[in-house]
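The values are calculated or read from the model by the stated rules, or taken from the named source; none is laboratory data. Treat the numbers as computed from the prediction; the structure is a model and nothing was measured. Note that each Cβ is placed from the backbone with ideal geometry, even for glycine, and that neighbours are counted across all protein chains shown. Heads up: the accessible areas ignore ligands, DNA and RNA and are worked out on the full protein's heavy atoms, side chains in. Shrake-Rupley method; radii C 1.70, N 1.55, O 1.52, S 1.80 Å.
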Amino acid sequence: MVERIPRRKIELNDAIEALNQVLVGADNDIHKAWASLSGDELKFIDGELTACLDLRYFLENYYCIRTENGVVKTLYPFWDHQELLYEAIKVEWDENGQCLIIVLKPRQAGITVWTSASMFHRTIFTPNAYTLTVAQNSETSTHIFKMMFNAFNWLPWYLRPEVLFKQEGNYIEFQTADEMQRMTSPGLGSAIQVDNAQKMTGVAIGRTIRNFHGSEISRWPNADMFTADIEPSMNAEDEYGIMESTAFGREGLYYDHWRGSVDGDTGWRAVFIPVYRVRKYSLPIKGVFIPTSEEKTFTEHVKKQEHFDIPNSFWAWRRRRVRACMRTTGAPWTHYESYPITPDEAFQSSGICAFDRTSLMKQRMNACKPLWAGEITLTDPRTGLFNTDQVLEVGDDRVLPPRKGALKEDKMFLRKDRLWVWEWPEAGSTYYLSADSALGVPDGDYSVAEVFRLGRGREPDTQVAEWWGHCPPHEFARILAALGYWY
């Protein structure tokens, strides 16, 4: 009898058990089993194969893991923070026809397991797909490979692609095993390789990587394996790549690639998973719990920006962990690096800051997504600076709205959109504009302009817009003029 594995469609266990009896009746010969299937059984299998092309359906019903408690289960249900990654993946495929994502995560969030599962899915349902996973050390790479191979063994026989070759610990190739049959029916033609970053170089030489998973990249010893070996081999039109890690300082491959992705310079989407979205990081409330003013302000900020209500049980957990960190290290920074609530918390600086870190972090906790992002230019068509759809045209006596209108709330704002707007100009309000011009060379400093709304009475001044990017000073002057006319 087949093990009753928890699945989203629990009735699948009965169907799998019945089809296993077909295999047993065929003396465990898969070819005989296929030949003995009835029309209804073939129709069921065909329907399941089609349904499994969907990543969520496969992971929630067929991809199995063994939990820390020894229970075999599928990935149903996705955790809240795994949903964040899944949604980003869907957007990337829909918008770009490929998916390249870099993830900043807290520790022990299950993202490595989930990403490995998604790579496994793409490998066995995509012909001729070479999948490369690189972990930070040999122990982790062996664990990831074992996890994926166990998932393969837990698949029902009718979903397993045929295996031509398996190298213990790091490689499996899906092809028709029989040499003569392979001449006319080669099989899937896909392969999974799991390696570790402690190897010097050469992990991707001679291969076109169609799927890439880089795990805990902040702990890789150097950037050469990615920049010299892996990235040049990632040139498929339907490329699927996920780099995921916790932070580890403000230098190296992972930090540089994360910052470049946030700025829109790498082609990878930056996805931050805050620790408060991981439900296991909580502590039961005993008695009365009163949030601090900072905790209350940040909770309200997240509720407005993300439509997510941070429970007091998270703040109770965070307080306890910070106190423990203070006792052992004398400072909270190690905890913030491993369990961040903002990206800036994750990337802790080891040097002396001009402003104290606590104040900087408080400011960052109030940062909001812009209402709109794009470009701005004066209306004279002879001197137009930009040729994009997302442009504000401004002149002496008129303002033309952006051609695409306001962006959706879930828009991924990138620094290729150099103008960010948090508030449209309001009649009766007073604004002031400050700017710092640079030379405009591509690898040099950035020119920056900030627009603030003057607070009334005891109200604070509020940042309402920012332009940030490279351009020659004479072009930057026209941008400042446009902002001035507009506000």
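Structural remarks
- Residues that are in a loop (DSSP other than H, G, I, E, B) and either of a type in the set (Phe, Trp, Tyr) or open to solvent by 30 Å² or more (accessible area, probe 1.4 Å) (or both), drawn from region 265-278: Asp265, Thr266, Gly267, Trp268
- The residues of region 315-331 that are crowded, with 20+ Cβ neighbours inside 10 Å and closer than 22 Å to Ser245 by Cβ amount to a single one, Arg318.
- Among the candidates Ile124, Ile65, residue that is in contact with a helix residue (DSSP H, G or I) (Cβ under 7 Å, 6 or more places away or on another chain), touching a residue at least 60 places away in the same chain (Cβ under 8 Å) and among the β-branched types (Val, Ile, Thr): Ile65
- Condition check for Ala26: open to solvent by 70 Å² or more (accessible area, probe 1.4 Å) and over 30 Å from Thr115 (Cβ atoms): no
- Qualifying residue in region 182-197 (condition: open to solvent by 20 Å² or more (accessible area, probe 1.4 Å), charged (D, E, K, R) and over 21 Å from the mean Cα position of the chain (by Cα)): yes
- Condition check for Glu231 on (1) of a type outside the set (A, V, I, L, M); (2) without any contact (Cβ under 8 Å) to a residue 40 or more places away in the chain; (3) surrounded by fewer than 16 Cβ atoms within 10 Å (Cβ to Cβ): one failure, at (3).
- Residue match in region 447-464 (condition: over 25 Å from Gly264 (Cβ atoms) and among the polar types (S, T, N, Q)): yes
- So Tyr281, is it open to solvent by less than 80 Å² (accessible area, probe 1.4 Å), at pLDDT 95 or above and in a helix (DSSP H, G or I): no
- Here Arg259 qualifies as closer than 25 Å to Leu84 by Cα, free of Cβ contacts under 8 Å to residues at least 40 places away in the same chain and among the basic types (Lys, Arg).
- Considering residues of region 435-487 that are without any contact (Cβ under 8 Å) to a residue 12 or more places away in the chain and closer than 24 Å to Val262 by Cα only, the residue most open to solvent (accessible area, probe 1.4 Å): Asp443
- Selection within region 124-142 - surrounded by 20 or more Cβ atoms within 10 Å (Cβ to Cβ) and assigned to a helix (DSSP H, G or I): Ile124, Ser141
- Out of Ile310, Ile376, sole residue that is hydrophobic (A, V, I, L, M, F, W, C), out of contact with any Pro (no Cβ under 8 Å at 6 or more places or on another chain), at pLDDT 65 or above and part of a strand (DSSP E or B): Ile376
- Filter result for Ala236 (out of contact with any Asp or Glu (no Cβ under 9 Å at 6 or more places or on another chain), more than 30 Å from Thr334 (Cβ to Cβ), of a type outside the set (S, T, N, Q) and touching a residue at least 24 places away in the same chain (Cβ under 8 Å)): yes
- Candidates Thr184, Thr131: the one that is out of contact with any helix residue (DSSP H, G or I) (no Cβ under 9 Å at 6 or more places or on another chain) and of a type in the set (Val, Ile, Thr) is Thr184.
- Residues satisfying the stated conditions in region 239-263, i.e. out of contact with any Pro (no Cβ under 8 Å at 6 or more places or on another chain), at pLDDT 90 or above, in a loop (DSSP other than H, G, I, E, B) and open to solvent by less than 40 Å² (accessible area, probe 1.4 Å): Glu239, Gly252
- Selected residue [without any contact (Cβ under 8 Å) to a residue 60 or more places away in the chain and not β-branched (Val, Ile, Thr)] from Asn96, Asn20: Asn96
- Scanning region 284-307 for residues that are in a helix (DSSP H, G or I), more than 27 Å from Gln82 (Cβ to Cβ) and of a type in the set (Phe, Trp, Tyr) yields a total of 0.
- Test: residue in region 162-176 that is open to solvent by 20 Å² or more (accessible area, probe 1.4 Å), in a strand (DSSP E or B) and among the charged types (D, E, K, R): yes
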